Each structure stands twice: as C-alpha cells, then as structure tokens.
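What follows is a short report on a single structure.
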Amino acid sequence: MKAALGGDGNLENYAKTILFAYPLLKTVEKDYEEHIRNKALLSYGGKRTAFEVAEYLAEELIHQQNLSWLKQTVKGILDKLSDEERELLSIRYFGHTDKMRNFALCKWNERTYFRRQARLSKKMGELLRVAGITQEIYLRDFKDLDIFRKIHEFVEQGKDQKISACERRFWN
C-alpha cells in the first residue's frame, strides 16, 4: 500500500482509514456484541453444525476484541494530543467541519492551517506505528471487516482529498 500524496503528509492509507473509522468504532463494537449474541441464540435452527457455529462465533469474538483494542489504542493516542490537535483531527477525519469556521475566521491563515494538518498527519502516522497499529496489523485484522471496507476504498481512490478541497473553500 503506497503512502498517500498531497495534503496528508506521510499518513498512509491504512492510517487514514482507521482515523475515518474511529468515530464509528463504539457503535460497531456494540453491534458486534449483539450480532454474536443473536447468532448464538438462533444457532439451534440453522443449517450449520454446532462446530461450524462455534468456529464462526470464535472468529467474530476475535474481530470484536480487535475492534475494542483498536478503539482503546486510538483513544489513548488522541488523549495524548493537545486540544488543538484533536480539533484538527476532528475537522479532517471525524466529520466536524463546523469547527472549520473557527480556524478560518479566528485562528490561522490558510497556509498555517494546512501546514499544521500536514505536521499532525506525520505525527499521527508515527504515533499509530509506535502504538502497534501498523499496516500489517491493519491488513491482517481489519481491512476485510465491513466497517473498513468502504472507507478503505474511499481512501484508496483518493476521494479523501476532496476534504482538503472543501477545507480550502473556507479561505476563498
């Protein structure tokens, strides 16, 4: 997987995907829990053998644990960032574009904003790597999960660059 070019510094596509998915992880974790419970309760009427159901549920439990680990690890990283850095991430990755107006009108000029985003991008890439969230871990444990599949495709196709273009509109 190649590093992304453009407005996101050295942040690789897998890391962008994780950041875009982060706000959804709390809900997804609960959905997995409910899904596993329902699958177990309804397994008596299915066509699968008890062993097949047990194997499936074990895999789903591993996915749930991985998602929980990812959520907690990213939360730990975010907790170590400054308020300003968390605000920058929330604008670019968490869909809080309403905060953009504060930057456009009060805090910085356009150049400073994008330089800080690029610097933060490099920092996040390194913090994720140091925390054990590497491309290999992502590819092995997360890429094929539904929550990541569409976001990953969105990032791989470069559609996330439209966010930077939207951010630039606030200064024009």
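The values are calculated or read from the model by the stated rules, or taken from the named source; none is laboratory data. Just so we're clear, the structure is a prediction, and the values are computed from it rather than from any experiment. When we count neighbours, we look across all protein chains shown, and the Cβ atoms used for this are built from the backbone with ideal geometry, even at glycine. Surface areas here come from the heavy atoms of the whole protein model, side chains and all, with no ligands, DNA or RNA. Shrake-Rupley method; radii C 1.70, N 1.55, O 1.52, S 1.80 Å.
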Rounded to a whole number, what % of the accessible area of the chain do carbon and sulfur atoms account for, probe 1.4 Å?
-> 52
State, as an integer percentage, the relative contact order of the chain based on alpha-carbon contacts under 8 Å between residues 6 or more apart.
-> 39
Enter the accessible area per residue of the chain (Å², integer; probe 1.4 Å; all protein chains in place).
-> 60
Among the listed pairs K107/K143; K99/K123; K26/K47; K26/K80; K26/K150; K16/K47, those beyond 28 Å (Cα-Cα) = K107/K143; K26/K47; K16/K47
Applying 1/(1 + (r/R0)^6) with R0 = 45 Å to the Cβ-Cβ distance of L81 and R37, what FRET efficiency is obtained, to the nearest 0.05?
-> 0.80
Just need the Rg to Rh number for the stretch 107-172, please, alpha carbons only, Kirkwood Rh.
-> 1.07
Using just the alpha carbons, could you tell me how many Å³ per residue the convex hull of the stretch 35-153 encloses?
-> 135
Working from Cα positions, state the angle (0 to 90°, nearest 10) between the long axis of helix 146-156 and the longest principal axis of the chain.
-> 30
What ranking do 40-53, 59-72, 120-133 get when scored by the average of other Cβ atoms within 10 Å per residue, highest first?
-> 120-133, 59-72, 40-53
Separation of the E153 and E136 label points, Cα + 7 Å toward Cβ, nm = 2.9
With label points built 7 Å along Cα→Cβ from the Cα atoms of K47 and D98, find their separation and express it in nm.
-> 4.8
Cα convex hull of the stretch 21-100: how many Å³ per residue?
-> 89
